[in-house]
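Following: one structure in structure tokens, then a few remarks.
The values are calculated or read from the model by the stated rules, or taken from the named source; none is laboratory data. As the structure is a prediction and not an experimental result, all values here were calculated from the model. Cβ coordinates were reconstructed from backbone atoms using ideal geometry, including for glycine residues, and neighbour counts include every protein chain displayed. When the accessible area is computed, the model is the full protein with side chains, heavy atoms only, and any ligands, DNA or RNA have been set aside. Shrake-Rupley method; radii C 1.70, N 1.55, O 1.52, S 1.80 Å.
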Amino acid sequence: MKSIQFLLLLFLSILFFSCTQEKIEKGVSYELAQSRKESIKDVQYALHFDIPFNQNENIAGKNIITFVYSKNASKNLYIDFNEKGDHLKTVKVNQKATDVVFENEHIAIPAHLLSEGKNEIEIEFTAGDLSLNRNDEYLYTLFVPDRASTCFPGFDQPDLKASFALSLSIPDEWEAISNQKAEITLAGNKKNYQFLPTKPLSTYQFAFAAGKFEKATDPVSGMTMYYRETDSTKVAANLEEIFQLHSQSLDWLKDYTTISYPFSKFDFALIPTFQYGGMEHPGSIFYRESSLILEPSASVNQRMRRASLIAHETAHMWFGNLVTMKWFEDVWLKEVFANFMAAKIVNPQFPEINHDLRFLMAHYPSAYEIDRSAGSHPIQQKLDNLKNAGTLYGAIIYQKAPIMMRNLETMMGEESFQNGLRDYLAQYSYSNATWDDLVNSLNKFTDKDLALWNKAWIKSKGMPDVAYTLDDNLTIRVTNDSIGLVWPQTFQYELVGDQHEVKDIIISDPTGYTAPATPSDLRIVPNYNGRGYGYFAADEQSRNNMLATVNSVEAPEVRAAMWINIWEYVLRGELEAKKTMETILAGMATEKDPLILEYITNRMSNIFWQFTTQEDRQLISAKIDDTLFDLMALEKDISLKRILFNCFRQTASSKEGIYNLKKFWRDEMTLGLEISEQDHIELAYEITVRDAEGSDEILATQLKNTKNPDRKEAMQFIMGSLSSNETDRDAFFESLKDPKNREHEPWVLKALGFLHHPLRAQQSVKYIQPSLEMLEEIQLTGDIFFPKGWVEQTVSTYQSKEAADAVNLFLNNNPNLSQNLKNKLLQSADPLFRAEKILSSKQTQNM
Ligand SMILES: [Zn+2]
């Protein structure tokens, strides 16, 4: 009895000690980051990777980390290494071999092995492949936000900036690129690159790529472009403009900030399978190849998107790279600056373009898409652990925040705003800062109260409601539906009666705005110049008036603002989708602005596929196809023609329409368009998803005819989602459960689009549930935009109750899903919920 009691006591005490012993959390928690920031500084990495010929062989790595340490208590110093324990080979602390504890993705260095002051830790390891994007002929890193530690051991947090001295051993036929210049030596059939030490960089800014790349150097600026595109004519046609766009952006930023380009060299690599449009590694921007190498027939919109992307990534060299956020919850700050500066930079490059219109179209529709949904969130979000940083990204950061920033600039005045930014950049160069630090800098140059503004725009979620009353007075209140907060901003209202009158409205305090109106004023056009942000209510008469007059309004930004209003009314069931589609069809014939034409053709495609029942689609498709075809044939402007063609390719559904898709594909007809290899591939996909006669053969022939190896590989993958046989498609979906098959994320997203195509909705609705079950895993294995892309492509195009139920069931069954992921799902499902509601209420009316 006694011995049993003793054993029990022993057992309990072991249990107690093992429970209370400090256990490090996976990822990089806010606490870990804080404590490391307090105890180490002046970090340097001497990193080496030995890259073999065969992509399946391991990459051996070594990292010599030096840093200055100040002891804090007896705690371990943790080095992040998010790989399995067997990837860790040897650890030497201050030249002495050491047995270390490796747990939960961290190497624990006991404090007693470290000295006060300078220390050196040498680690030999096998590099983790997760963020190395290894292909047969090339590999590249993508370490944002916290993926550096999946590849090599280090302090993977943005405010421990370090100098990186990288050396690479690569196959001799390969080229390598990184943040710095390199000295190259040959060693047998390998080539050694010793890169110079970098300026202080955050781990997510460090990058390298190696592989079979072509390169071209601009004789004027000295910058080099690495690329893989095999069509040399296409490269030549783009090259000069790509260099010029970068140079212009660099000059502009130097001028605006009064700080010279802050890093040593400036090159970039174009990578066919790159996950994003671009990533701003200092001195070594990586782009998705197709974002920069445009087809000869590229529209003005596409050319402007390219210019904006280049300006965006270049702006990051100052905003994000020179001054970096302390913690990833302020990641929006670098993105808003990059976008905001991009808009300023791109303007002079396209003098023929209406830039207010461009800003409106590039930001408002995407921001509203999120902000009108139940999954919206404030610009500033909280982040407990870096492993969840990827979930912070989205349109609120990329599109809403620039609107906020422009509003701030308007409120402060351009010069004060610029002075505030210069102060901020100078003060925190090669270091880190928070949003509050920026507000402090701005406050030095304004007497405006930034507090109320900050609360509404930065700390609150959702789009504000803009309500009005019109009698002897026009009275306007701007509130946020859920919190009733006032939203300081500036916009215009048009009063339409016997006379037209445009009123400038400044909302700066809770009393809103009141001004006398002429009694004969009957209707309004709210947010007349498109500067205001929110849902602008209008009565039925005003709504119908907007629909009746929008196509004849002369000023493009007013026309665009009206279209954006109209779309909000359609989504809220306040304007009929069918009636709106007729106005769009009429507008396509008269609309000569490419941005607006693109916007309304996309809305038409939305209405056609999502807000129209399958039966109604059959009734109207011939009219749509004929209209688009005739307009395409008549249109002289190549950009407009291309937009019409893109819309036609997406929506053509009538017999005649599909017949014409085939004629385009067979080169029997071009209507003056240049049909590229990528166009042929897209046409083959669209024909196949329609189960058109002969589509299997078309797809097989297309694969055979596709010359570019990267496009061919993509096609081989995507074809799996297009099979006319449901069992094959089931097998394709099953294959996506293996993370290996999700490695090429753009391919997966494209394939999901076809798998869930509205024409196949009835058979594919069953994939919704299992796809959502995979979401948490996808967030951990995929890159930052992938979870949103995954849910978006899975749920957003449906219209049925069954699909809406599947989403709701998943939400009910998973109450512990992280708020950020839940938000992403609610954002993506918003069009589905709205379509289901609108279509079911219509059905009830018909009965
Ligand atoms: Zn960016």
Among THR651, THR590, which is in contact with a Gly (Cβ under 9 Å, 6 or more places away or on another chain) and hydroxyl-bearing (Ser, Thr, Tyr)?
-> THR651
For the range 373-388, does any single residue satisfy the condition of being within 16 Å of the ligand (Cβ to nearest atom), assigned to a helix (DSSP H, G or I), out of contact with any strand residue (DSSP E or B) (no Cβ under 9 Å at 6 or more places or on another chain) and of a type outside the set (D, E, K, R)?
-> no
Is the range 736-744 home to any residue that is at pLDDT 95 or above, aliphatic (A, V, I, L, M), closer than 22 Å to PHE274 by Cα and surrounded by 20 or more Cβ atoms within 10 Å (Cβ to Cβ)?
-> yes
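Residues are listed down the side, and each one gets a yes or a no for (1) more than 26 Å from ASN347 (Cα to Cα); (2) away from the ligand (no atom under 16 Å from the Cβ); (3) open to solvent by less than 20 Å² (accessible area, probe 1.4 Å):
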| residue | (1), (2), (3) |
| --- | --- |
| GLU183 | yes, yes, no |
| PRO200 | yes, yes, no |
| VAL220 | no, yes, no |
| LEU239 | no, yes, no |
| SER249 | no, no, yes |
| PRO272 | yes, yes, no |
Mind checking whether some residue in the range 297-307 is in a helix (DSSP H, G or I), of a type outside the set (Lys, Arg), at pLDDT 95 or above and more than 16 Å from the ligand (Cβ to nearest atom)?
-> no
Flag for ARG617 being farther than 22 Å from GLN302 by Cβ and without any contact (Cβ under 8 Å) to a residue 60 or more places away in the chain | yes
Within the range 792-847, residues being open to solvent by 30 Å² or more (accessible area, probe 1.4 Å), part of a loop (DSSP other than H, G, I, E, B) and under 25 Å from GLU574 (Cα atoms) number 4
Check on PHE350, within 16 Å of the ligand (Cβ to nearest atom), open to solvent by less than 10 Å² (accessible area, probe 1.4 Å) and not acidic (Asp, Glu) = no
Which listed residue, of THR126, THR141, is open to solvent by less than 30 Å² (accessible area, probe 1.4 Å) and touching a His at 6+ places or on another chain (Cβ under 7 Å) | THR126
Per the filter on the range 390-430, residues touching a His at 6+ places or on another chain (Cβ under 9 Å), of a type in the set (Lys, Arg) and open to solvent by 20 Å² or more (accessible area, probe 1.4 Å) are ARG406
Any residue in the range 477-494 that is open to solvent by less than 40 Å² (accessible area, probe 1.4 Å), touching a Leu at 6+ places or on another chain (Cβ under 9 Å), more than 16 Å from the ligand (Cβ to nearest atom) and touching a residue at least 60 places away in the same chain (Cβ under 8 Å)?
-> yes
Kindly list, by first and then second residue, each pair from a residue in the range 134-146 that is at pLDDT 95 or above to a residue that is among the hydrophobic types (A, V, I, L, M, F, W, C) and assigned to a loop (DSSP other than H, G, I, E, B), limited to pairs with Cβ atoms under 6 Å and residues at least 6 apart or on different chains.
-> LEU139/LEU132; THR141/ALA207
Hey, any hits in the range 664-672 for a residue that's open to solvent by 30 Å² or more (accessible area, probe 1.4 Å), in a helix (DSSP H, G or I) and out of contact with any helix residue (DSSP H, G or I) (no Cβ under 8 Å at 6 or more places or on another chain)?
-> no
Looking across the range 144-156 at residues that are out of contact with any strand residue (DSSP E or B) (no Cβ under 7 Å at 6 or more places or on another chain) and open to solvent by less than 10 Å² (accessible area, probe 1.4 Å), the single one that is nearest to SER178 (Cα to Cα) is CYS151
For the range 354-364, state whether one or more residues are open to solvent by less than 10 Å² (accessible area, probe 1.4 Å) and within 19 Å of LEU333 (Cβ to Cβ).
-> no
Just one of LEU196, LEU168, LEU245, LEU253 is out of contact with any Cys (no Cβ under 9 Å at 6 or more places or on another chain) and surrounded by fewer than 17 Cβ atoms within 10 Å (Cβ to Cβ); which is it?
-> LEU196
What tally of residues in the range 251-270 results from selecting those that are part of a helix (DSSP H, G or I) and within 16 Å of the ligand (Cβ to nearest atom)?
-> 1
Identify, by number, the condition in (1) within 23 Å of ARG303 (Cβ to Cβ); (2) not in a loop (DSSP other than H, G, I, E, B) that LYS215 doesn't meet.
-> (1)
Can you name the residue in the range 308-329 that is part of a helix (DSSP H, G or I) and open to solvent by less than 10 Å² (accessible area, probe 1.4 Å) and is also nearest to the ligand (Cβ to nearest atom) among such residues?
-> GLU313
Do you know which of the residues in the range 286-296 that are charged (D, E, K, R) and away from the ligand (no atom under 14 Å from the Cβ) is most open to solvent (accessible area, probe 1.4 Å)?
-> GLU295
Kindly state which strands (runs of 3 or more DSSP E) lie completely within the range 409-501 and contain at least 3 residues that are over 28 Å from TYR256 (Cα atoms).
-> 465-470, 473-479, 489-496
Taking the condition within 16 Å of the ligand (Cβ to nearest atom), over 16 Å from the mean Cα position of the chain (by Cα), among the basic types (Lys, Arg) and open to solvent by 10 Å² or more (accessible area, probe 1.4 Å), does LYS344 pass?
-> yes
Tell me which residues, restricted to the range 332-341, are near the ligand (Cβ under 9 Å from one of its atoms) and within 22 Å of ASP384 (Cα to Cα).
-> LYS334, GLU335
Taking the residues in the range 394-437 that are of a type in the set (A, V, I, L, M) and modelled with pLDDT of 95 or more as candidates, determine which candidate is farthest from the ligand (Cβ to nearest atom).
-> ALA426
Which of the residues spanning the range 78-99 are free of Cβ contacts under 8 Å to residues at least 60 places away in the same chain, within 20 Å of VAL43 (Cβ to Cβ), open to solvent by 40 Å² or more (accessible area, probe 1.4 Å) and assigned to a loop (DSSP other than H, G, I, E, B)?
-> ASN94, GLN95
